[in-house]
Amino acid sequence: MKIKRLYLFMLQSFVPLFVMTFFICLFIVLMQFLWRYIDDLVGKGLEISVIAELFFYAALTMIPMALPLAILLASLMTFGNLGERFELTAMKASGVSLIKCMRPLIVLMAGIAIAAFFFQNNVLPVAQTKMYTLLLSMKQKSPELEIPEGVFYDQIPGFNLFVKEKDHDTGTLRQIMIYDMSKGFDNAAIILADSGRLAMTEDKTHLFLTLWSGESFENLTEAAGRNTNVPYRRESFSNKEILLKFDANFNRMDEEGMRNQYVGKNISQLQASIDSLSARVDSIGTSYAALAAGEPFMGLTNTRTVLDDNNERVTERVPDVSMNQPLNVDSIFRGSSSGYRLTYLNAALTRARRQKQDYEFKGLTISEERRIVRRHAIEMHKKFTLSFACIIFFFIGAPLGAIIRKGGLGMPLVISVFLFIFYYIIDNTGFKLARDGRWDIWEGMWLSSLVLLPLGIFFTYKAVNDSAVFNRDAYANFLRKLIGKREQRHVEMKEVVMDEMVKTEALEKLGQLVENARRFLNTSPERQSYTDYWLHGYSRTALKTLAADEEDTVHYLSNSRDKKVIGMLDFFPILRSLWLYHPTGLQWVGWIAIVIFPIGLPLWLAGRDAQRRLRKEIMTVADTAQRIIGILNEKIETKQ
């Protein structure tokens, strides 16, 4: 019963956040869609219902981009809130592991992944077909008629219209200039008018222009014939009416053309198209290869047409011509006159250029067909990558939220955006490599999943084992250990001492520490050669033993009530087992470093410097211990 309540609690914590973040992410990607196509929508006089329909289909199309980001952000926020309120700590203290806490959400993610697959396969092709068809229809719609003042207006097909000023109360246009290029530039006509008025016909397919007090000029190039002088016609009018073709209606395109594209097909249709297109590419390649094989060489064809037993025409290969000696083409060429030689060269060059263009065209044809096959294969892989990405992002977000233990929208939003941008860059890179044929389709489309999968496994492992992934002190200690940065010891006198220090035992520990320090110095040469450094170095095992002996002595002496002794403890350096003292404990690795001498030389020099500093620290340990021994002996003699 408790486990079931826990499952219900986890679902109640995750689902509202997931719904909220999903619609937020969907809104963000829709705004990106709006800014991308804003120029095709503004100024067209489109109805609100048409724009709403476009955004509905666009929202369905953007779900594959918003869903993984929403899962990542919701899982981060959910487990971050639980960690911040110490609810995860309480669950773990009750014996409930992190995986058990995640179990209901894992089942939910599996359901979302299955639903995402069916959405990609059944719903998305229809939504993409309708959205792109509607978008192309909007692009082809003529813009809403709005004649500006003082500039040429070119949105009427075949006409450029200039209006100096407009009367906004009556709609009268003044100082009108019209360039009529509907019959071509050579037959252009110019119309000037003092004023006029523009109106739309009831069916919104034509413009009715009424002009007053003007002139028109028109070239009559077609009537000129072969004469060099081109006549023109001039006309003066007091009232002139012109009907211009201008379709202001919104006309929907047929969806059949877009439905036959790769964006409008499900898996079975994509597979059928890939098979048919691949067979077509193979047949085209076979035919091109046959044409290339049958190309005449040196004016001789290698095939001939004969009649078979059934009196039908068939093509067979001509046997190779046997020659007693090779044909000396250079002698034939030199034996001709200079005029013939030039003719031969020009003919050969022309033929080579023609064949090159022919082969380039055939290559472009094959490349285009293969590109279409790749786009179909890419679309088929997308049906599966979305579902897998949803699961991966959950196994990144949930453990990461449990590790950082920060709820709300601040830190989770920053991490989510960073990870999603990283995912989007990798996914887009793999897509382009697959689209251009540089990688196999499955390699490019699954690249982002293969990169993020180890990240999800790593975060899940660290969260289950309560590892300090984002612990600043852990990384600081690691860097200290790596670069050898010294730590300062600080020992304060205890107000309450539970275990009093015994001077005789303290002297024994200090004497043993001095003996161990000197033994280490005697067994570790002050300057090691390049070979000795890589094969032997300083014994890190002995160093760890000495460091443990030092820490035990300092801990015991910290129970002293003597201020001088406590003050002297700060002089004990903290001994570290740096890898520079002996980079490797494997003999064969050391021999490799010895062989590649130039590469191992800088490390040897840095190691010698680290060993020199270590010897000074160990000498300080022995010297400090001797001084404390002197202080303790002085106290004993004073009491005696």
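The values are calculated or read from the model by the stated rules, or taken from the named source; none is laboratory data. Predicted model only: the values in this text are computed from it and were never measured. Methodologically, a virtual Cβ is constructed for each residue, glycine included, from the backbone with ideal geometry; neighbour enumeration extends over all protein chains shown. SASA here: full protein model, heavy atoms, side chains in, ligands and nucleic acids out. Shrake-Rupley method; radii C 1.70, N 1.55, O 1.52, S 1.80 Å.
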Open item on the list: Among the numbered criteria (1) under 25 Å from Leu409 (Cα atoms); (2) outside any helix (DSSP H, G or I), which one does Leu8 miss?
Closed with: (2)
TODO: List every residue pair whose Cβ atoms sit under 8 Å apart, with the two residues 6 or more apart in sequence or on different chains, where the first one lies in the range 278-299 and is part of a helix (DSSP H, G or I) and the second, anywhere, is open to solvent by less than 50 Å² (accessible area, probe 1.4 Å) and at pLDDT below 75.
DONE: Ala293/Asn302
Task: Pair list, Cβ under 7 Å, 6 or more apart: the range 169-183 residue closer than 16 Å to Pro148 by Cα, other residue at pLDDT 85 or above and open to solvent by 80 Å² or more (accessible area, probe 1.4 Å) - done: Gly171/Arg197; Thr172/Arg197; Leu173/Arg197; Arg174/Lys164; Arg174/Glu165; Gln175/Lys164; Gln175/Glu165
Task: helices (runs of 4 or more DSSP H) contained in the range 453-560 and holding at least 1 residues at pLDDT below 75 - done: 472-483
- [ ] Confirm whether Gln32 is of a type in the set (S, T, N, Q), at pLDDT below 90, in a helix (DSSP H, G or I) and open to solvent by 60 Å² or more (accessible area, probe 1.4 Å).
- [x] yes
Open item on the list: So, Thr385, is that one open to solvent by less than 50 Å² (accessible area, probe 1.4 Å), part of a helix (DSSP H, G or I) and modelled with pLDDT under 90 or not?
Closed with: no
TODO: Determine if the range 129-140 includes at least one residue that is modelled with pLDDT under 80, part of a loop (DSSP other than H, G, I, E, B) and among the basic types (Lys, Arg).
DONE: no
TODO: Would you be able to tell me the number of residues in the range 532-568 that are of a type in the set (Ser, Thr, Tyr), open to solvent by 40 Å² or more (accessible area, probe 1.4 Å) and under 49 Å from the mean Cα position of the chain (by Cα)?
DONE: 2
- [ ] Look through the range 86-130, keep the residues that are among the charged types (D, E, K, R) and more than 28 Å from the chain's Cα centre (by Cα), and return whichever of them is farthest from Leu72 (Cα to Cα).
- [x] Lys92
TODO: Mind counting the residues in the range 97-116 that are open to solvent by 50 Å² or more (accessible area, probe 1.4 Å) and part of a helix (DSSP H, G or I)?
DONE: 8
Task: Subset of the range 193-207 [within 16 Å of Met177 (Cα to Cα) and either modelled with pLDDT under 70 or open to solvent by 60 Å² or more (accessible area, probe 1.4 Å) (or both)] - done: Asp194, Arg197
Open item on the list: As an exercise: evaluate Ile71 against (1) touching a residue at least 60 places away in the same chain (Cβ under 8 Å); (2) of a type in the set (A, V, I, L, M); (3) open to solvent by 30 Å² or more (accessible area, probe 1.4 Å) and give the number of the one condition it does not meet.
Closed with: (3)
Task: Test for Ser577: is it of a type outside the set (Phe, Trp, Tyr), under 29 Å from Ile629 (Cα atoms), in a loop (DSSP other than H, G, I, E, B) and at pLDDT 80 or above - done: no
Open item on the list: Here's a check for you: in the range 218-265, which residue that is among the acidic types (Asp, Glu) and at pLDDT below 70 is most open to solvent (accessible area, probe 1.4 Å)?
Closed with: Glu222
Open item on the list: Checking Ile392 against (1) β-branched (Val, Ile, Thr); (2) under 19 Å from Ala116 (Cβ atoms); (3) open to solvent by 60 Å² or more (accessible area, probe 1.4 Å): exactly one of these is not met. Which one?
Closed with: (3)
- [ ] Using the structure shown, decide if Ile421 is modelled with pLDDT under 90, among the hydrophobic types (A, V, I, L, M, F, W, C), farther than 30 Å from Lys100 by Cβ and open to solvent by 30 Å² or more (accessible area, probe 1.4 Å).
- [x] yes
Open item on the list: Cβ-Cβ under 6 Å, sequence separation 6+ or interchain: first residue in the range 371-383 and over 10 Å from Met445 (Cβ atoms), partner open to solvent by 30 Å² or more (accessible area, probe 1.4 Å) and aromatic (Phe, Trp, Tyr). Which pairs?
Closed with: Arg375/Tyr262; His376/Tyr262
- [ ] Give Ala52, Ala59, Ala66 a once-over and let me know the one that is within 27 Å of Leu386 (Cβ to Cβ) and exposed (fewer than 13 other Cβ atoms within 10 Å of the Cβ).
- [x] Ala52
Open item on the list: Let me spell it out: the conditions are (1) in contact with a Gly (Cβ under 7 Å, 6 or more places away or on another chain); (2) open to solvent by less than 30 Å² (accessible area, probe 1.4 Å), and Glu84 meets all of them except one. Which number is the exception?
Closed with: (2)
Task: Test for Val589: is it modelled with pLDDT under 85, farther than 16 Å from Arg612 by Cβ, open to solvent by less than 10 Å² (accessible area, probe 1.4 Å) and in a helix (DSSP H, G or I) - done: no
- [ ] Give the residues of the range 393-444 that are among the hydrophobic types (A, V, I, L, M, F, W, C), farther than 17 Å from Lys383 by Cα and within 14 Å of the chain's Cα centre (by Cα), sorted by residue number.
- [x] Val417, Phe418, Leu419, Phe420, Ile421, Phe422, Ile425, Ile426, Leu433
Open item on the list: For the structure I just gave you, tell me whether Arg370 is surrounded by 12 or more Cβ atoms within 10 Å (Cβ to Cβ) and at pLDDT below 85.
Closed with: no
